[in-house]
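Visitor: Provided herewith is a single structure, encoded as structure tokens, for subsequent inquiry.
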Amino acid sequence: MRKLILAVSFLTSAALFAPSQVSAQTSLDVIAAFTNQRGSTLYIENVDQNGHISGYFVNRAAGFQCQGTPYPVVGWVLAHAISFTVQWENQTQNCNSITAWAGYVSTDGNTITTNWALAVSGSTTILQGQDTFTRTAQRQAPSLVPPGTRP
Ligand code: BTN
């Protein structure tokens with residue numbers, strides 16, 4: 001029950017403060033999109049009752065590979081704590097690498113502040129950095145909000 005409340009808290013706090021617009025640049029079924037300072041976008045498609053996040057990530061960061069196409073994202077949100085990860089392999093390109101982000105969602109649900117680590121298969125070097133994501137799109141999906149918790 002506690003996990004359900006936390007997951008719903010994340011979705012509803014985001015819905016309360018976000019403009020109702022959907023990115024015209026993607027055909028993805030977007031519930032929420034957050035773009036970071038490198039121009040990359042995290043598309044959150046679903047947050048389930050256990051706080052499990054699923055969606056896509058489009059990398060547009062200069063100096064990195066695997067740009068411009070969607071890669072699956074999985075992660076967790078626990079109240080304002082959040083983590084998500086991408087394996088950089090899709091039908092377009094395979095970068096043989098994985099990135100994990102961990103951080104927190106702002107009180108208004110519009111900003112995700114993270115540290116990340118990028119591990120490349122076959123390398124012992126772990127690249128690290130910081131990304132701050134700002135909400136860029138929002139669309140409510142009533143079917144994802146459990147009955148009794150709708151505004
Ligand atoms: C690779 O080059 O091996 C795959 C792409 C990695 C992109 C990284 S993930 C952390 C940082 N933040 C971004 O938005 N993109 C880069």
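Visitor: Open to solvent by 70 Å² or more (accessible area, probe 1.4 Å), near the ligand (Cβ under 10 Å from one of its atoms) and under 14 Å from the mean Cα position of the chain (by Cα), is that true of residue 87? Give the derivation first.
Guide: On the way: open to solvent by 70 Å² or more (accessible area, probe 1.4 Å): yes; near the ligand (Cβ under 10 Å from one of its atoms): yes; under 14 Å from the mean Cα position of the chain (by Cα): yes.
Judged against the criteria, residue 87 is a match.
Visitor: Could you please give the count of residues in region 122-151 that are of a type outside the set (A, V, I, L, M), surrounded by 15 or more Cβ atoms within 10 Å (Cβ to Cβ) and either at pLDDT below 95 or in contact with a helix residue (DSSP H, G or I) (Cβ under 9 Å, 6 or more places away or on another chain) (or both)?
Guide: Looking only at that region, the number is 5.
Visitor: Ok, one more. Considering only residues that are polar (S, T, N, Q) and open to solvent by 20 Å² or more (accessible area, probe 1.4 Å), which ones fall in region 103-121?
Guide: Keep residues of region 103-121 that are polar (S, T, N, Q), which gives 106-107, 110-111, 113-115, 121.
Across region 103-121, the qualifying residues are 106, 107, 110, 111, 113, 115, 121.
Visitor: Of the residues 35, 69, which single one is over 14 Å from residue 114 (Cβ atoms), open to solvent by less than 50 Å² (accessible area, probe 1.4 Å) and more than 8 Å from the ligand (Cβ to nearest atom)?
Guide: On the way: 35 fails: over 14 Å from residue 114 (Cβ atoms).
Checking each option against the conditions leaves just 69.
Visitor: Could you pull out the residue among 74, 58, 47 that is surrounded by fewer than 18 Cβ atoms within 10 Å (Cβ to Cβ), among the aliphatic types (A, V, I, L, M) and farther than 17 Å from residue 128 by Cβ? Talk me through it step by step, then tell me what you get.
Guide: Values: 58 fails: surrounded by fewer than 18 Cβ atoms within 10 Å (Cβ to Cβ); 47 fails: surrounded by fewer than 18 Cβ atoms within 10 Å (Cβ to Cβ).
Residue meeting the stated conditions: 74.
The values are calculated or read from the model by the stated rules, or taken from the named source; none is laboratory data. Keep in mind that this is a model prediction, so the values were computed, not measured. In this analysis, Cβ positions are derived from the backbone assuming ideal geometry, glycine residues included, and neighbour counts consider all displayed protein chains. Ligands, DNA and RNA are excluded from the accessible area calculation, which covers all protein heavy atoms including side chains. Shrake-Rupley method; radii C 1.70, N 1.55, O 1.52, S 1.80 Å.
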